[in-house]
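*Asks:* Got a structure for you, questions after.
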Amino acid sequence: MRDHPISPVTELLQYRAIGVVRGVYRPESDDQLTRGVLIDSDGNELEAVVLGRMLTLMRRHLDMTAPHLWVVYPRCRESEQLHLQIAGIWEPSTLATAESSDAEATDAEGALDQLPEGDDFFSIRGELIFTKPEANELVVKVRQLPRADGFRPLPFKVQLTGELPLEHLRHFVSLDVRRQGQLLAVEAFEVIAPMPTRGGKGREGSRKGGARPRPAKT
């Protein structure tokens, strides 16, 4: 069993936008389970949709009145309005309960369901296309892998708060991010490399033998 809901990075220029949010999912209606809101411990309501592979799990195995740690893909359709796609759940204690005695499972629950990064952690990797340090604003573009049917999803933009210097514009960056209400705030960043231009050159010259960007799976 994996020990973390966010997989390790396998390629230097690997795009992704993924995180975890703990809350209670409330669907729009009993007939419309795929759309609703995630309600966190502070009462914030985060607009959310459920991806198809999660529906059976939610219907058959989860107590929908209780909070869970959801694995989500963030989208920013409006300023200061976070939208989440629910792709999974991180709850190893559920498996532990099935495989262990009740006493053992109870002891394991607290440790198993906690992450070292804590709740509301996100990993954002992509091209820095906008940064305004004095206003605490930045935007990262994330590319997606083609789907099995050949459809190529368009890149999407993630709006964040934080300070990244202008000199890092058009560079591939890796961000550790924390959700704060409806906002995603940068806690730490790493500049990976300048982005290649159409002519195959980065801002610092030729990229012969360099790594190529790897789109996200989402």
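*Asks:* Can you name the residue in the stretch 79-106 that is charged (D, E, K, R) and at pLDDT below 75 and is also surrounded by the most Cβ atoms within 10 Å (Cβ to Cβ) among such residues?
*Replies:* Of everything passing the filter in the stretch 79-106, E104 is surrounded by the most Cβ atoms within 10 Å (Cβ to Cβ).
*Asks:* Hand me the list of strands (runs of 3 or more DSSP E) wholly inside the stretch 8-97 holding 3 or more residues that are small (G, A, S).
*Replies:* The strands (runs of 3 or more DSSP E) meeting that bar are 16-29.
*Asks:* Under 6 Å by Cβ, and 6 or more places apart or on different chains, what pairs join a residue from the stretch 7-35 that is charged (D, E, K, R) with one that is modelled with pLDDT under 90?
*Replies:* E11/R214; R16/A216
*Asks:* Looking at L160, L145, L164, L138, which one is in contact with a Gly (Cβ under 9 Å, 6 or more places away or on another chain) and either surrounded by 13 or more Cβ atoms within 10 Å (Cβ to Cβ) or in the same structural domain as N44 (by TED's automatic domain parsing) (or both)?
*Replies:* After ruling out the rest, the residue left standing is L138.
*Asks:* Would you pick out the residues in the stretch 3-26 that are surrounded by fewer than 21 Cβ atoms within 10 Å (Cβ to Cβ) and touching a helix residue (DSSP H, G or I) at 6+ places or on another chain (Cβ under 9 Å)?
*Replies:* Selection gives D3 alone.
*Asks:* For the subset of the stretch 41-76 comprising residues that are among the β-branched types (V, I, T) and over 21 Å from the mean Cα position of the chain (by Cα), which member is farthest from D113 (Cα to Cα)?
*Replies:* The selected residue is T56.
*Asks:* Looking at E109, E134, can you tell me which residue is at pLDDT 95 or above and not in a strand (DSSP E or B)? Working first, answer last.
*Replies:* Working: E109 fails: at pLDDT 95 or above.
After ruling out the rest, the residue left standing is E134.
*Asks:* Continuing with this model, one more query. Any chance the stretch 36-50 includes a residue that's small (G, A, S) and under 30 Å from M195 (Cα atoms)?
*Replies:* The answer is no, given that none of the residues of the stretch 36-50 is small (G, A, S) and under 30 Å from M195 (Cα atoms).
*Asks:* Give just the number: which of (1) of a type in the set (A, V, I, L, M, F, W, C); (2) without any contact (Cβ under 8 Å) to a residue 60 or more places away in the chain; (3) assigned to a strand (DSSP E or B) does V158 not satisfy?
*Replies:* All conditions pass for V158, except number (2).
The values are calculated or read from the model by the stated rules, or taken from the named source; none is laboratory data. None of these values were measured; they are calculated from a predicted model. Here the Cβ is made from the backbone with ideal geometry for all residues, glycine too, and neighbour counts use every protein chain on show.
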